[in-house]
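The values are calculated or read from the model by the stated rules, or taken from the named source; none is laboratory data. All values reported here derive from a predicted model rather than from experimental measurement. When the accessible area is computed, the model is the full protein with side chains, heavy atoms only, and any ligands, DNA or RNA have been set aside. Shrake-Rupley method; radii C 1.70, N 1.55, O 1.52, S 1.80 Å.
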Amino acid sequence: MSLVITTYDWVPDFAIGYVRDLRPRWACAEAGLDYSIETTSVREKTPEHFARQPFGQVPILRDGDLSVFESGAILLYLGERAETLLPKSPAPRAETQQWLIASLNTLEPAVMALALARIFDRDAQAAERALPRLRDRLGQLSTVLEGRDFIAAGRFTIADIMLTEVLRIAQSLDAQADYPVLSDYVARMTARPAFQRAHAAQLAHFAPPTGR
């Protein structure tokens, strides 16, 4: 049975290309896992959606009778399906899990604080307060990535998917220009054919119907 990824039926233009269903799309493309897409309304959340995702968010992954929400949990689940995504040896496996969680717990909150201030709240003072913390995190990460092709395990893993997706948001906020190591890393990751296919698929999904 094919995997099914749930995403929204519509998002505003600024979110297209950044919706978190891109994370499992990319993982499936890297691992050669077939999947299909189903949608849920972004405006009118249904009881069925909340039953599967109590916070009303996306993505959700369905694999037969099993349903998983949260992009990090989904990537870890897909990693169990494909060693190309998550090493089986203990040390590289732990390092991969470590950096996936660090991307979610340490880096993404700092990125999203700036995004919320600039895009949603349009609060210049809040953005100014958020920027130093984010710059600290980006500087620390730049030191780690210096001389590395990948963030963990010496090869591409789900940690690279998560980290790249968080850094792409920072890049869209013009917060990353002073960190060429990070910009080069994102450029390498997004040049991968699997990313290109997944990104194009999301753009096509949210494209307005022909004739509009």
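Centre-to-centre, using Cα atoms only, the range 170-201 and the range 134-151 are separated by 14 Å. Computed on the range 36-153, with alpha-carbon pairs under 8 angstrom and 6+ residues apart, the relative contact order is 17 percent.
Membrane-span-like helices in the chain, defined here as complete DSSP H runs extending at least 27 Å along the helix axis by their C-alpha atoms with mean Kyte-Doolittle hydropathy no lower than -1.0, are 124-145; this is a sequence and geometry rule, not a statement about a membrane.
Tell me, what is the per residue accessible area of the range 86-212 in Å², probe radius 1.4 Å? In whole numbers, the range 86-212 has 51 Å² accessible per residue.
Projected onto its three principal axes, the C-alpha set of the range 90-148 covers 44, 20, 12 Å, listed from the longest axis down.
Once neighbouring chains are kept in place and the probe is 1.4 Å, which whole percent of the accessible area of the range 110-174 is contributed by carbon and sulfur? On the range 110-174, the fraction of accessible area on carbon and sulfur atoms equals 47 percent. Per-residue Karplus couplings for the range 56-69, computed as 6.51 cos²θ - 1.76 cosθ + 1.60 with θ equal to phi - 60°, are listed in order as x, 9, 10, x, 10, 10, 10, 10, x, 7, 8, 10, 10, 10 Hz, Gly and Pro entered as x. Taking Glu70, Glu108, Glu38 in turn, the Gaussian network model of the chain (Cα-Cα springs below 10 Å) assigns the largest fluctuation to Glu38. Quotient of the Cα radius of gyration of the range 94-212 and 2.2 N^0.38 Å, N being its number of residues: 1.14. Share of carbon and sulfur in the accessible area of the range 41-102 stands at 56%, probe radius 1.4 Å.
Between the amide H of Ile60 and those of Thr6, distances stay under 5 Å, these residues lying 5 or more places away or on another chain, with hydrogens modeled in the peptide plane.
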